[in-house]
2 protein chains.
Amino acid sequence: EVDLAIFYVPNKVIPSILKDCIEKHVKGALIETSGFAEVGEVGLKLRDKIVEITDNFSKIRIVGPNCMGLTKIDGDSDTEAKGGFFSGFGVFDKYKRGNIAIITQSGMLNGGYLMNLMRNHPDVGIRYSCSIGNKMDMSEIEFLDYFLEDPTVNVIALYLESFKNPRKFIELCKKTKSIPNKTIILLKGGLTSLGQKASLSHTGSLAESSQLVKAIIRQSGVIQAGNLHDLFQFARSFSMIYKSGKKLPKYGNVSMIAGSGGAGTISADLIMKYGLNFAIMSEKTYQLLKELYPEWMPPNRFALLDLWPTMEKAMTNNVSQEEVMTRIWRAILDDPNVEGVFNMIFVSTRFSKRYNFQEMSKNKTDKIVFMWMVGENRAVRRITKLFNKNNIPVFPTLEETIRNFSILVQESKNKIGI
Amino acid sequence: EVDLAIFYVPNKVIPSILKDCIEKHVKGALIETSGFAEVGEVGLKLRDKIVEITDNFSKIRIVGPNCMGLTKIDGDSDTEAKGGFFSGFGVFDKYKRGNIAIITQSGMLNGGYLMNLMRNHPDVGIRYSCSIGNKMDMSEIEFLDYFLEDPTVNVIALYLESFKNPRKFIELCKKTKSIPNKTIILLKGGLTSLGQKASLSHTGSLAESSQLVKAIIRQSGVIQAGNLHDLFQFARSFSMIYKSGKKLPKYGNVSMIAGSGGAGTISADLIMKYGLNFAIMSEKTYQLLKELYPEWMPPNRFALLDLWPTMEKAMTNNVSQEEVMTRIWRAILDDPNVEGVFNMIFVSTRFSKRYNFQEMSKNKTDKIVFMWMVGENRAVRRITKLFNKNNIPVFPTLEETIRNFSILVQESKNKIGI
């Protein structure tokens, strides 16, 4: 008995082979071949023929055409329990089982780009990757529905050029709100007239008007990514938060610990831009910080900390900078008003003894910590690895750090229905 | 005769030493010390005293206080002609003389972050780096004025928490419009109420209202960066364009050469978001592409190229993929309607023979080429180096690629007075 037939043959011969499949009672077909809706008249005729043969897909279910395949990852590439990956671009050798499911209407995103991500972010695991192409029959709806029921999936990352069934999509997204530890992120291609032109020649998708897309996104409450990079990074952020069991922040009251006043000012602007706010520190925290800051530069009452003055005071008094840093770190993480911490770290050989990275990476509280790291490449890579292993994401830029935190707050509001 | 006195002493003793400097006819003072306007009452009194002693800065000019110093780079770190760099953060050992001048109201940006950039972007040279702190006397105005006259400077990157003299700032920016190969980029800190609070505690700057800042930026026509990363990347883009003598694009008619339909659709949306457009290809280019595309997937008339079908055709016909790629590349660069090319490259060992990177990096036309590269790390690094050496910037994400091109068009419009 055959579960799935995978089609690698030219478009014109597909109908006749499909007939054979139906006779043999094959349950599903995955059509990799392109040359359907995206090429116009000829392709549309082929599609009609397939609808007829399959009795409107009741005799056999179809994924594709014009797609790159489906993958479920059951193990890591370096363990015995190998998963499988389909890609025309090469052999996937750095994958890891994780809690992210991908549904994409672009083969390359499922193949090439994903391969790139897995190499560069070895701690981000994938559970499923589904390239759905033209969605002749099965679409994002079926996969979404399946992943919502699958407890091994926490994050669903979608790239869509069109919505197969907007009403059902909204319904599924709304359902997600009441499922703990489940988040959907959407990158919608074809938002603009130029994008619509492009998607028509890609998957043959007649993209919706931008007004309709806006309405779908608003009603569904889905987390929207504006580009590929954000889609991935948002997925990584949620993946790590869910894996580590940290609480989603409710209000967006954060602390920024920086080694630079300028970076502090820029952060403040970005924090406001993304709808967050600095927490007002508790009296206890403030008193503790006051001891560590020099008289000529007292700390703020709001949780923007420029560490430099504390370091100068420590150096002047011959106190261990690591000790000072650790006390500050603990005080901020223990402050009940602080929901999350952005930590800017300048990594250099000269400063390595300033931080206890091992302790910092453990973070035993339920607060979320995001790192922004600059400095010497090799050291940055080493410390990044340590933090990532402990599900603390490290970001290459300040704006990414803050943007990623803001979507956690958005999802938290989704979950409690604000 | 002493040109410059550099102050590393506590704030309280500065007035008396300044008196001595004036007696000795020292021309300038650079005050690294903090503890002035940013700490309130005490600091403001100290400032008043200095104004009195220096006869309102007529007896000696002052840079700072609360700054990290001035640097002019005359050579590269690996040549005999050493420049100098002041930083409390470490020794600058990877610097290179270039065409960028930095003016910043944050020490760390001048020190730590810059050090990071120089290590990570060895092809981006710096000419001057000036940390101006509280701007008690000399401000962005004097430095800007000086750099506009200096022919070794093409790009001026500014981080400001306040404008010392908005009217004069606007005037200097407007003057820049008529100077060829000169561009000013501004990151303004303290745009929001939260940012203003932060900058008050940093450089003691009473930041302007956001309405005023908007008006200053609009009137000056300066290129605005929204964060540190963009400030640097924009500077790098202009630096490379000016160094290589390429023309700034007038209309923003671009071509995207991608290996993925999905990336093409997302690019199209971003291209529209940033006010650019796909060029309509000339008949000659279109005919050439038609030969290289398979019948089942003809090329677009607008310059969005998904390369995949051409590669499939080449493979089917046993034609050299590199030959096909090179023909497409030349046709697009030679098309009179195309002002710039975004090239998405997926670098993998399997695909390396697809591209002639040596020839591509030379780009003998006056068109601007921006690269977006994903793939295997080591190969990406190697090819990035090659392109950067030839003043072709490589970007880590699609949105950065397109955003950076859009500011070239903005500056081009500034120059011709649109």
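Listed values, structure above:
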| item | result |
| --- | --- |
| B:LEU191 vs. criteria over 30 Å from A:LEU160 (Cβ atoms), outside any helix (DSSP H, G or I) and either within 14 Å of another protein chain (Cβ to nearest Cβ) or in contact with a Lys or Arg (Cβ under 8 Å, 6 or more places away or on another chain) (or both) | yes |
| From B:LYS389, B:LYS367, residue being among the basic types (Lys, Arg) and either under 20 Å from B:TYR251 (Cα atoms) or surrounded by 21 or more Cβ atoms within 10 Å (Cβ to Cβ) (or both) | B:LYS367 |
| Conditions (1) out of contact with any Leu (no Cβ under 9 Å at 6 or more places or on another chain); (2) within 14 Å of another protein chain (Cβ to nearest Cβ); (3) without any contact (Cβ under 8 Å) to a residue 60 or more places away in the chain: number failed by A:THR104 | (1) |
| Whichever residue in segment B:365-405 is acidic (Asp, Glu) and within 14 Å of chain A (Cβ to nearest Cβ) and, among such residues, is nearest to A:ARG119 (Cα to Cα) | B:GLU376 |
| Filter result for A:THR176 (touching a Lys or Arg at 6+ places or on another chain (Cβ under 8 Å) and of a type outside the set (Phe, Trp, Tyr)) | yes |
| Residue match in segment B:150-166 (condition: farther than 24 Å from A:MET373 by Cα and within 14 Å of chain A (Cβ to nearest Cβ)) | yes |
| Subset of segment B:33-56 that is among the aliphatic types (A, V, I, L, M) and closer than 11 Å to B:GLY204 by Cα - its residue that is nearest to the other protein chains (Cβ to nearest Cβ) | B:VAL39 |
| Residue check for A:ILE280: in contact (Cβ under 8 Å) with a residue 40 or more places away in the chain, within 14 Å of chain B (Cβ to nearest Cβ), among the β-branched types (Val, Ile, Thr) and surrounded by fewer than 20 Cβ atoms within 10 Å (Cβ to Cβ) | yes |
| Given (1) crowded, with 20+ Cβ neighbours inside 10 Å; (2) within 28 Å of A:VAL51 (Cβ to Cβ), number of the condition A:LEU114 does not satisfy | (2) |
| Residue within segment B:290-302 that is more than 13 Å from chain A (Cβ to nearest Cβ), in contact with a Ser or Thr (Cβ under 9 Å, 6 or more places away or on another chain) and free of Cβ contacts under 8 Å to residues at least 60 places away in the same chain present | yes |
| Every residue from segment A:250-277 that is free of Cβ contacts under 8 Å to residues at least 40 places away in the same chain and of a type in the set (Gly, Ala, Ser) | A:GLY262, A:ALA268 |
| Test: residue in segment A:217-231 that is in a loop (DSSP other than H, G, I, E, B), within 14 Å of chain B (Cβ to nearest Cβ) and not aromatic (Phe, Trp, Tyr) | yes |
| Conditions (1) of a type in the set (A, V, I, L, M, F, W, C); (2) farther than 18 Å from A:TRP372 by Cα; (3) buried (at least 16 other Cβ atoms within 10 Å of the Cβ); (4) more than 10 Å from the chain's Cα centre (by Cα): number failed by A:LEU212 | (3) |
| Which listed residue is farther than 29 Å from A:ASN390 by Cβ and either in contact with a Ser or Thr (Cβ under 9 Å, 6 or more places away or on another chain) or modelled with pLDDT of 85 or more (or both), from A:GLY112, A:GLY83 | A:GLY112 |
| Pick from segment A:327-364, criterion of a type in the set (Ser, Thr, Tyr) and surrounded by 16 or more Cβ atoms within 10 Å (Cβ to Cβ), ranking: nearest to A:PHE238 (Cα to Cα) | A:SER361 |
| Top-ranked residue in segment B:194-209 [being aliphatic (A, V, I, L, M) and crowded, with 24+ Cβ neighbours inside 10 Å; ranked as farthest from the other protein chains (Cβ to nearest Cβ)] | B:ALA207 |
| Boolean, A:LYS182 is closer than 20 Å to A:GLN233 by Cα and either without any contact (Cβ under 8 Å) to a residue 40 or more places away in the chain or of a type in the set (Val, Ile, Thr) (or both) | yes |
| Residues (among the hydroxyl-bearing types (Ser, Thr, Tyr) and either under 18 Å from A:CYS173 (Cβ atoms) or modelled with pLDDT under 95 (or both)) located in segment A:215-241 | A:SER220 |
| Any chance A:LYS164 is without any contact (Cβ under 8 Å) to a residue 40 or more places away in the chain, outside any helix (DSSP H, G or I) and either at negative phi or surrounded by fewer than 16 Cβ atoms within 10 Å (Cβ to Cβ) (or both) | yes |
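Residue-by-condition table, conditions (1) under 16 Å from B:ILE184 (Cα atoms); (2) at pLDDT below 95; (3) buried (at least 17 other Cβ atoms within 10 Å of the Cβ):
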| residue | (1), (2), (3) |
| --- | --- |
| B:ASP55 | no, no, no |
| B:ILE100 | yes, no, yes |
| B:GLY133 | no, yes, yes |
| B:GLU149 | yes, no, no |
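Residue by residue, here is whether (1) of a type in the set (D, E, K, R); (2) touching a strand residue (DSSP E or B) at 6+ places or on another chain (Cβ under 6 Å); (3) closer than 21 Å to A:VAL2 by Cα holds:
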| residue | (1), (2), (3) |
| --- | --- |
| A:LYS27 | yes, no, yes |
| A:ILE31 | no, yes, yes |
| A:GLU38 | yes, no, no |
| A:VAL42 | no, no, no |
| A:ASN56 | no, no, yes |
| A:ARG61 | yes, yes, yes |
| A:GLY64 | no, yes, yes |
| A:THR71 | no, yes, yes |
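The values are calculated or read from the model by the stated rules, or taken from the named source; none is laboratory data. What you are looking at is a predicted structure, and each value in this text was computed from that prediction instead of being measured. Cβ sites come from the backbone with ideal geometry, for glycine too, and all protein chains shown count toward neighbours.
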